[in-house]
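These notes are about the structure you will find just below.
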Amino acid sequence: MKPNLSHSLVSVVSKYSFAVILTLILGTTAYAQIDRAELEGTVKDPSGAAVVGASVIILAVDTGLTAEQPSNTVGYYRFPGLAVGRYSVTASSSGFKTTVIQNVILEVGQTRTLDIKLPVGATTEKVEVNTPDEPSNRTSAEAGAVIRPDQIADLANNGRDWTTLSLLAPFAQDDGGGDQRTIRFAGRARDDNNFQIDGVDAGGIQEQAQKSTTRLQISEDAIEEYRVSSALYDVEYGTQAGGQIDAETKSGTTTITAQSMVI
């Protein structure tokens, strides 16, 4: 009996389609962390050789949360999905002094590269340094800028509209109003811009007036910082082809004030 060719083709196509859909789902889960930050780098000895199995511990200064990763066979370590803010990074390995790097700032949507050199010595000896003055991102050619908390707090803007400060990003052009309804980037139309709040789409509708009155009416005081990606950004954004604006709202800390203790 001859096999049914059409049935076989349908089966193959169905399996292929399922594989493609599964890949897209997993890919979205793995890479869609636009509102997060990432820290990566290498651990090496004074000669530049990789230190395998070094313990790398990060501490979020504001919340006290910690995470630990070992360096791999080429000395590489990576911490994905981190909240924005200040960190300290501690690296240690047998035969080397423990190195603590303070004031490592992670910004929204950033992949920061922090290479660590461990001096030879006892692990009980500790070396403390401030963040090295080196390129912080070696993984992307993106043209963009992060609008920092001090800029949001100190710079004047019309109507206290936090989106106005996106004019500080490269390739920004204002068509008149100085807000999200008139600012565009890198020659793209203003309707091409896409807004995300804490990683959730906030601009996926066509009517610009609705964006202003419903989706983006967030108090300036509630915004921690935001990234404006003008051009050459990664494919993880994937929606509109204009500017990508990723806002991160403020979160709590472990600091207890006298006012917060009042019942």
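Every number here is computed from the coordinates shown, using simple stated rules; none is lab data. Keep in mind that what you see is a predicted model, and the values were worked out from it rather than measured.
Values for this structure:
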quantity	calculated
Stretch gain in nm, segment residue 50-residue 62, where the contour uses 0.36 nm per residue and the Cα spacing is subtracted	1.2 nm
Kirkwood-type radius of the stretch 37-130, with distances r between different C-alpha atoms, in Å	13.1
Eligible aspartates and glutamates near residue 250 by straight Cα distance, threshold 15 Å, same-chain separation 8 or greater	35, 62, 107, 150, 198, 220, 221, 224, 225
For the stretch 61-206, convex hull of alpha carbons as volume per residue, Å³	154
Kirkwood Rh, Cα atoms: Rg over Rh of the stretch 94-133	1.07
